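Just below is one structure, and these are the notes that go with it.
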Amino acid sequence: MRTNLVVAIDGYSSCGKSTIAKALAKKLGFIYVDSGAMYRAVTLYFLRNQVDVHQEAAVAAALAQIELNFHARDYQTHITLNGEEVSEEIRQMPVANFVSTVASLKPVRVEMVRQQQQMAAVKNIVMDGRDIGTAVFPDAPVKLFMTADPMVRAQRRFDELRSKGDQQVSLEEVYESLKQRDYADTTRVESPLIQAADAVVLDNTYLSPDEQLEFAFQLIRSKQPAEEVTITYRDTTY
Ligand code: CDP
């Protein structure tokens, strides 16, 4: 039986889930798990190796070849795919445009969820994604469902890509990709993005990072006694 504390954060693309999840993990001394990075890293492997998503055997064989790890250093998380750091590459448009297809495959989801549940067996975690409060940790004591205006979200992601040196991408392209991903994520058969009945909605269109952090922190405090959130964050691999 799991005794570690899980904060589950779900929501649409680019609505600031990772910003709030990282800040909460830092404040609480928890491990941050970016479940989207796992689906993105699998997608990168599929792209590089031209895995045919329509061939069940090819998908299974590919999954067996993939090893993912997170490394936390200085409160930044880095993900490795078979030992190679891919944190930057998985944010680029080729992966963004294909990840929802890969994430809709049942064998991919089964394997990712298994690994995610294992992480919570040993650590207190903040995990963000699409199905964390519904499928991965339906019994999580704290669940947030995040949303924001689509154009505001596209602008944020565009700014992020530009700040990381991607000068090719246009705002329209980012907006279209985001809309398509929202559609695919909310309408897929396997674990679609939906608000858990017991999740608290946080629309951060007009909130600053500090304001949204305060909102989430108070929510956690209201549900969890302070003495249970005192583990110390260490540099670690998980
Ligand atoms: O960064 P952004 O919020 O746009 O997305 P992400 O969290 O990196 O997730 C990328 C994609 O992975 C999503 O659009 C989903 O298709 C998929 N995903 C999922 O299916 N389940 C999760 N728990 C997390 C991500």
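Looking only at residues in region 185-216 that are among the hydrophobic types (A, V, I, L, M, F, W, C), away from the ligand (no atom under 15 Å from the Cβ) and in a loop (DSSP other than H, G, I, E, B), the one that is surrounded by the fewest Cβ atoms within 10 Å (Cβ to Cβ) is Ala197.
Among residues of region 1-26 being among the small types (Gly, Ala, Ser) and not in a strand (DSSP E or B), the one that is surrounded by the most Cβ atoms within 10 Å (Cβ to Cβ) is Ala21. Kindly evaluate Thr77 against the criterion of being part of a helix (DSSP H, G or I), within 13 Å of the ligand (Cβ to nearest atom) and either modelled with pLDDT under 95 or not aliphatic (A, V, I, L, M) (or both). No: the conditions fail for Thr77. Considering every residue within region 27-44, establish whether at least one is surrounded by fewer than 19 Cβ atoms within 10 Å (Cβ to Cβ) and farther than 23 Å from Ala148 by Cβ. So far as region 27-44 goes, yes, one or more of its residues are surrounded by fewer than 19 Cβ atoms within 10 Å (Cβ to Cβ) and farther than 23 Å from Ala148 by Cβ. Residues in region 45-68 that are surrounded by 15 or more Cβ atoms within 10 Å (Cβ to Cβ) and either of a type in the set (S, T, N, Q) or over 22 Å from Asp185 (Cβ atoms) (or both): Ala58 alone. Can you tell me which residue is nearest to the ligand (Cβ to nearest atom) among those in region 81-105 that are outside any helix (DSSP H, G or I) and of a type in the set (Asp, Glu)? So, considering only residues that are outside any helix (DSSP H, G or I) and of a type in the set (Asp, Glu), the one nearest to the ligand (Cβ to nearest atom) is Glu88. When Ala135, Ala197 are screened for being closer than 20 Å to Val33 by Cα and without any contact (Cβ under 8 Å) to a residue 60 or more places away in the chain, only Ala135 passes. Restricting Leu63, Leu144 to those that are away from the ligand (no atom under 12 Å from the Cβ), part of a strand (DSSP E or B), modelled with pLDDT of 95 or more and among the aliphatic types (A, V, I, L, M) reduces the list to Leu144.
The values are calculated or read from the model by the stated rules, or taken from the named source; none is laboratory data. Computed from a predicted structure; not experimentally measured. Note: ideal-geometry Cβ built from the backbone for every residue, glycine included; neighbour counts use all protein chains shown.
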